[in-house]
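The structure appears below as structure tokens.
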Amino acid sequence: MITRTTPTSWPEVRHQVAIRRATVLAWWRGAKGEVITLFVFVWLVAATAFASFADRRDWETSAIAPLALGGVIAGAAIVAQAGYLLRPLRDPLGGRAVSTGEISIRPATPADSEAILATIDDVVASANGWDDNVLQVVRKEIRSGGHRGEYVIEDHTGLVVGTIRLDYLSPGPHQPAIGLWLGERGRGRGLATKALLAILVLAAEAGLERCYLGTDADNIAMRRAALAAGGDAISTHPHLLPNGATVSSVWFELLAPKH
Ligand SMILES: CC(C)(COP(=O)(O)OP(=O)(O)OC[C@H]1O[C@@H](n2cnc3c(N)ncnc32)[C@H](O)[C@@H]1OP(=O)(O)O)[C@@H](O)C(=O)NCCC(=O)NCCS
């Protein structure tokens, strides 16, 4: 059920904001080194310029000391704040792996890039709301081997059949949110339910009590898999996809097993 509308309701606007926030944070993740270096450089130039200006005016040349100290403190505050802000960007599952015999899920490595790319077909692209442009970006990211937080799903033969992840940045009302897809060779085998049960085991090991999953209300297979993994449908929201389409999404709450 896809409609192309300009978001007008509050939940839709929140989804847009969440997407923007994710985009900005993703940019910051990639650029924070450069930003901090630039900040330090600008600060040093400003401090030096101020000191020579102060010198010419017979001001205390020692003004450079508090300035430099201020710069160091501000720089440290930025780094500390960035660490705090970036906490949601870290993989909440902490890089663990789990195998149930029928499937296993483990953190993706650069060596998995081609296998992951092979799982992306039209069904996956359309379910994720990726148009050609987004698809190009996704493929480039995967090819570059930067699979932060991405886990591969392998069947019992070791074939990579799809990917699954848990993060705090998925656009949506409930976090941390599970996202997954299965390529053609993995679909229709009941593997989504098994992958969900497996990621819940990892979530429990990481100390999480509950996870969420949102899916298009029309995605019957995903809804059934979420229910089969013990999920409770808790809310329905309009959901903005990367291609600008808005779908009606159903959100499930899934409890991590208790140890
Ligand atoms: C959605 C997806 C993860 C489901 O995984 P799957 O393991 O292939 O799911 P299955 O095909 O085994 O279907 C799960 C259940 O739904 C049922 N089902 C599937 N399509 C159905 C339909 N159109 N009508 C009724 N039941 C349907 C299956 O019979 C199965 O039922 P069961 O639990 O009683 O055996 C997978 O199809 C996929 O990756 N699709 C593309 C990407 C995607 O949609 N990702 C999710 C985004 S939130």
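The values are calculated or read from the model by the stated rules, or taken from the named source; none is laboratory data. Treat the numbers as computed from the prediction; the structure is a model and nothing was measured. Note: ideal-geometry Cβ built from the backbone for every residue, glycine included; neighbour counts use all protein chains shown.
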Original post:
Among all residue pairs at least 6 apart or on different chains, which show Cβ distances below 7 Å where the first residue, located in the stretch 166-187, is outside the structural domain of PRO242 (by TED's automatic domain parsing) and hydrophobic (A, V, I, L, M, F, W, C) and the second is at pLDDT below 95 and buried (at least 21 other Cβ atoms within 10 Å of the Cβ)?
Top reply: none
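If only one of LEU227, LEU213, LEU254, LEU196 is in a strand (DSSP E or B) and near the ligand (Cβ under 10 Å from one of its atoms), which one is it? Walk me through how you get there before you give the answer.
Working: LEU227 fails: in a strand (DSSP E or B); LEU254 fails: near the ligand (Cβ under 10 Å from one of its atoms); LEU196 fails: in a strand (DSSP E or B).
The unique qualifying residue is LEU213.
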Original post:
Within the set of pairs 6+ apart or on separate chains, which have a first residue in the stretch 232-259 that is among the basic types (Lys, Arg), a second that is modelled with pLDDT of 85 or more, and C-beta atoms under 8 Å apart?
Top reply: LYS258/ALA204
**OP:** Examine the stretch 146-159 for a residue that is surrounded by fewer than 17 Cβ atoms within 10 Å (Cβ to Cβ), within 17 Å of the chain's Cα centre (by Cα) and modelled with pLDDT under 95, and state whether such a residue exists.
**Re:** yes
Original post:
Taking the stretch 221-248 on its own, how many of its residues are crowded, with 16+ Cβ neighbours inside 10 Å and of a type in the set (Ser, Thr, Tyr)?
Top reply: 1
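May I ask you to verify whether VAL201 is at pLDDT 95 or above and either part of a strand (DSSP E or B) or touching a helix residue (DSSP H, G or I) at 6+ places or on another chain (Cβ under 8 Å) (or both)? Show your work before the answer.
Working: at pLDDT 95 or above: yes; either part of a strand (DSSP E or B) or touching a helix residue (DSSP H, G or I) at 6+ places or on another chain (Cβ under 8 Å) (or both): no.
It is false that VAL201 is at pLDDT 95 or above and either part of a strand (DSSP E or B) or touching a helix residue (DSSP H, G or I) at 6+ places or on another chain (Cβ under 8 Å) (or both).
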Subject >> Subset tally (residues that are in a loop (DSSP other than H, G, I, E, B) and more than 14 Å from the ligand (Cβ to nearest atom)) for the stretch 230-242 >> reply: 0
Subject >> Cβ pairs under 6 Å, 6+ apart, first in the stretch 105-117 and over 25 Å from ALA203 (Cα atoms), second modelled with pLDDT of 95 or more >> reply: none
Original post:
If you go through the stretch 103-138 one residue at a time, how many are charged (D, E, K, R) and within 16 Å of the ligand (Cβ to nearest atom)?
Top reply: 3
**OP:** Collect the residues in the stretch 153-191 that are part of a strand (DSSP E or B), more than 9 Å from the ligand (Cβ to nearest atom) and not β-branched (Val, Ile, Thr), keeping them in residue-number order.
**Re:** GLU154, ASP155, ARG165, LEU166, ASP167, ALA177
Original post:
Is there a residue in the stretch 125-146 that is touching a Lys or Arg at 6+ places or on another chain (Cβ under 7 Å) and within 27 Å of GLY190 (Cβ to Cβ)?
Top reply: no
